[in-house]
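A.B. asks: Take this structure first; my questions come after.
Nothing in this text is a laboratory measurement; each read-out follows from the coordinates by a stated rule. For clarity, every value in this text was computed on a predicted model and none was experimentally measured. Here Cβ is always computed from backbone atoms with ideal geometry, including for glycine, and neighbour counts include all displayed protein chains.
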Amino acid sequence: MLRPFKEYLEKNGISGGDQLVYYGCPGTCTPFVELLGFAVRGMNLEQVFVPYVDEAKAQKMKLIPDIGMQAGGAVKISNPKAVVVMGGLSMPNVPVTMEQVKSAVDTHPDALLIGVCFMNMFEKAGWIKSMDFDLLIDAMISPVDVWK
């Protein structure tokens, strides 16, 4: 999922200094945002994590040597070139609706809209018909083996 993500950004002219904004659930989506952010760290983008859809709480993603990408430091969203909606937002019992997510991303009409989910979550939640993703990465985790 990392290579296609990076290749898509590069193919669509996203480059150094451009802003890339991720919308996701705190905790559960954050590690995947860190992973995606790490994959594109060499592109020198301004990467931003927004918890749920609360842009007032947006945090800049920074590369910490020997650790990876970490959220830290308030940042203002300004004309992002791409927005990424994480699939955790479409899970049951998450305190945002698809309409709220759509409303948030629609405030950035010139940005590419990318969806990243696992196990057909956007499809299961009925978001595919309403969210006009330019790119959708739907990763499968199968099988999951748990050993004692």
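A.B. asks: Output the number of residues of region 1-59 satisfying the condition of being surrounded by fewer than 16 Cβ atoms within 10 Å (Cβ to Cβ) and within 14 Å of I77 (Cβ to Cβ).
C.D. replies: Within region 1-59, residues that are surrounded by fewer than 16 Cβ atoms within 10 Å (Cβ to Cβ) and within 14 Å of I77 (Cβ to Cβ) number 3.
A.B. asks: Which one of the conditions (1) touching a strand residue (DSSP E or B) at 6+ places or on another chain (Cβ under 8 Å); (2) free of Cβ contacts under 8 Å to residues at least 60 places away in the same chain; (3) not β-branched (V, I, T) does L2 fail to meet, given that it meets all the rest?
C.D. replies: Against the list (1) touching a strand residue (DSSP E or B) at 6+ places or on another chain (Cβ under 8 Å); (2) free of Cβ contacts under 8 Å to residues at least 60 places away in the same chain; (3) not β-branched (V, I, T), L2 comes up short only on (1).
A.B. asks: Within region 2-23, can you find the residues that are outside any helix (DSSP H, G or I) and either over 22 Å from P51 (Cα atoms) or over 13 Å from the mean Cα position of the chain (by Cα) (or both)?
C.D. replies: From region 2-23, those outside any helix (DSSP H, G or I) are 12-23; that's our starting set.
Residues satisfying the conditions are N12, G13, I14, S15, G16, G17, D18.
A.B. asks: Let me ask you something else. Of everything in region 63-78, what is touching a strand residue (DSSP E or B) at 6+ places or on another chain (Cβ under 7 Å) and not polar (S, T, N, Q)? Give them in sequence order.
C.D. replies: Just the residues of region 63-78 that are touching a strand residue (DSSP E or B) at 6+ places or on another chain (Cβ under 7 Å), to begin with: 63-64, 69-75, 77-78.
Passing the criteria: L63, I64, M69, A71, G72, G73, A74, V75, I77.
A.B. asks: For region 43-57, indicate whether the set of residues that are under 17 Å from P4 (Cα atoms) and assigned to a helix (DSSP H, G or I) is non-empty.
C.D. replies: Yes, the conditions are met somewhere in region 43-57.
A.B. asks: A further question follows. Can you confirm whether V83 is closer than 13 Å to V21 by Cα and β-branched (V, I, T)?
C.D. replies: Criteria met by V83.
A.B. asks: Mind checking which residues of region 106-148 are farther than 11 Å from S90 by Cα and either in contact with a His (Cβ under 6 Å, 6 or more places away or on another chain) or of a type in the set (D, E) (or both)?
C.D. replies: D106, D110, D132, D134, D138, D145 - these are the residues of region 106-148 that are farther than 11 Å from S90 by Cα and either in contact with a His (Cβ under 6 Å, 6 or more places away or on another chain) or of a type in the set (D, E) (or both).
A.B. asks: Tell me the residue from K60, K81 that is of a type in the set (K, R), closer than 22 Å to T28 by Cβ, in contact (Cβ under 8 Å) with a residue 12 or more places away in the chain and touching a strand residue (DSSP E or B) at 6+ places or on another chain (Cβ under 7 Å), please.
C.D. replies: Values: K81 fails: closer than 22 Å to T28 by Cβ.
Selected residue: K60, the only one of K60, K81 that is of a type in the set (K, R), closer than 22 Å to T28 by Cβ, in contact (Cβ under 8 Å) with a residue 12 or more places away in the chain and touching a strand residue (DSSP E or B) at 6+ places or on another chain (Cβ under 7 Å).
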